[in-house]
1. Looking at (1) of a type in the set (A, V, I, L, M); (2) touching a strand residue (DSSP E or B) at 6+ places or on another chain (Cβ under 8 Å); (3) modelled with pLDDT of 85 or more; (4) farther than 30 Å from A:H83 by Cα, find the lone condition where B:V155 falls short.
2. Looking only at segment A:80-97, which residues are in contact (Cβ under 8 Å) with a residue 60 or more places away in the chain, more than 7 Å from chain B (Cβ to nearest Cβ) and closer than 21 Å to B:M1 by Cα?
3. Can you name the residue in segment A:56-79 that is in contact (Cβ under 8 Å) with a residue 12 or more places away in the chain and on the phi > 0 side of the Ramachandran plot and is also nearest to the other protein chains (Cβ to nearest Cβ) among such residues?
4. Output the residues belonging to segment A:8-32 that are of a type outside the set (A, V, I, L, M, F, W, C), assigned to a strand (DSSP E or B) and farther than 30 Å from A:D185 by Cα.
5. For segment A:98-111, give me each residue that is within 9 Å of another protein chain (Cβ to nearest Cβ) and in a loop (DSSP other than H, G, I, E, B).
6. Is there a residue being at pLDDT 90 or above, away from chain B (no Cβ under 13 Å) and touching a Gly at 6+ places or on another chain (Cβ under 8 Å) anywhere in segment A:160-172?
7. Name the residue that is farthest from the other protein chains (Cβ to nearest Cβ), counting only residues in segment B:202-213 that are in a helix (DSSP H, G or I) and either closer than 19 Å to B:V2 by Cβ or modelled with pLDDT under 80 (or both).
8. Take segment A:6-25 and flag every residue that is at positive phi and surrounded by 12 or more Cβ atoms within 10 Å (Cβ to Cβ).
Amino acid sequence: MIELHRVCKVFSVGPIKVPALTDISFRVAKGEFVVIHGKSGAGKTTLLKLLYRGEVPSEGEVEVLGHDIGSLGLRGIAALRRHLGIVFQDAKLLPGRNVYENIAFVLRVLGAPRGEITERTFDALRAVGLHSRARAYPAQLSQGEAQRASLARAIVRKPSLLIADEPTGNLDDEMAGEIVQVLRDIHAGGTTVVFATHQTRLAASLRQRMLVIEGGRVVKDEG
Amino acid sequence: MVGFLIGEAIRDLKRAGRVAVSAIVLITLSLGAVGAFLLLSGNLGNAVATWRHHLRVIVYLKVEPSTAAATALVRRVQELPGVGAARYVSRVEALESLKKVLGKDATAAEGLSANPLPASIEITPSPDGATPEGARRLLERLSALPEADDVAGGVEWVDKLARLQRLVTVVGLAFGGVLAVAAILTVTTATTLVLHARRHETEIMRLVGAPEFTVRLPLLLQGLIQGLLGAALALVALGVSHHFIAPKLAPLMTVALGLNELDFLPPIQIVAIALAGAGLGALGGLLARGRRDI
């Protein structure tokens, strides 16, 4: 499903080279739930960006769902992402569209038939417990609801791999717990989940495989 | 999918707001200018065609030939390239024509002791012979006739009119071209603003693996819509102007150019202006570039 081999990522700021990831190697099998844990600035987001080809590795190899990330062209990137679900700390909902339209938007841009769009959108909304808020606009949602809408958008296409980059970062414990439960449900449905968080207690409470990152290196792979 | 793309294009157009309106106005102005010059050029072309049709070349003869020699000469002239028709005009006939032209002053001609007018061959050029180059060659051939004393033709001013027509077309295209570049830049600016306004949509589209054409096509379509609106407005403005102004100019056109009425643009030019509008808008939409963050 995912395989990284001796991956390094270096950002250039003018003449200065800033290493973000150093010598990262690990595998994630199909159906796994993996927590990437580390402090802010440890390299979690850069690592996740490599998985959806938001970045390319400076060295080493990244393979996701059979795609070599380093050699993907625009078509290859689109083909890979059609099998991924991605959520961020910021829900990234479109402010001018209601919850239903935000989720349906994904299916519409991919050319899904109209009847299928309605059915799958409500399926996704039910999966995150947000079907009663379908007509609400993002400004009318709590942060937890917005994040659940973002999760519904990520799973509406039934992705093979869900990449969640700090989806609970802005939430209180109760809301974070709701999001984590949704992630567990999605995982129980057969989706591979890679979940990044800086929240130590939350990461430990999940009782899943955990990769700990410090200073751009994986220092622990446990669980 | 098509409905979605058009819906997104219209949404984008609303987002561009005043800049989109400026782009439409500039396209209207540029195509209106081109259309106005084409209209003028087309009518000058009609005048040129009309006058070429009435064009006559006269070959004045050194001596008046016998009837048989005149018939043979006319036959020889008719076989020359560029000659449509040829007619022999005797000295007597020429004097009678002069008297008709003089009208009440014809008595002045009757006082002449001898007929001073030479015999001549009056030639109507064929379409080939009525072009500037064809007319020049025809005059050369007629001057080379041993019987010819002098050759006169009114081709010069028709050529001047034709040159004016070409000048009007070139000036119109150049003027319209400058405005068209401004229009393209304005559509590009409008589309760049749209790109900035819709960056969240674009980001989501790219994150979910939408094909690149789905991301770019609404931009191209909104440029195309601006272009078509601009072209439609330009054509309506030209049509309304023609409807109200042409009848008032008709008497002047009759006297100056021999035209009974001012024609509007032919259908092919109307279609060309509409296509040019669509092309300008689409090009503007295509040239816009936003940052690709992911």
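1. So the condition that B:V155 fails would be (3).
2. A:H83
3. A:L65
4. We begin by selecting, within segment A:8-32, every residue of a type outside the set (A, V, I, L, M, F, W, C); these are A:9, A:12, A:14-15, A:17, A:19, A:22-23, A:25, A:27, A:30-32.
Imposing the further condition that a residue be assigned to a strand (DSSP E or B) reduces the set to A:9, A:12, A:17, A:19, A:22-23, A:25, A:27.
Within segment A:8-32, A:K9, A:S12, A:K17, A:P19, A:T22, A:D23 meet the criteria.
5. A:L110, A:G111 - these are the residues of segment A:98-111 that are within 9 Å of another protein chain (Cβ to nearest Cβ) and in a loop (DSSP other than H, G, I, E, B).
6. no
7. B:F213
8. Initially, segment A:6-25 is screened for residues at positive phi, giving A:6, A:14, A:23.
Across segment A:6-25, the qualifying residues are A:R6, A:D23.
The values are calculated or read from the model by the stated rules, or taken from the named source; none is laboratory data. Only a predicted model underlies this, so the values are computations on that prediction, with no experimental measurement involved. With ideal geometry, Cβ positions are generated from the backbone for all residues, glycine too; neighbour counts draw on all protein chains shown.
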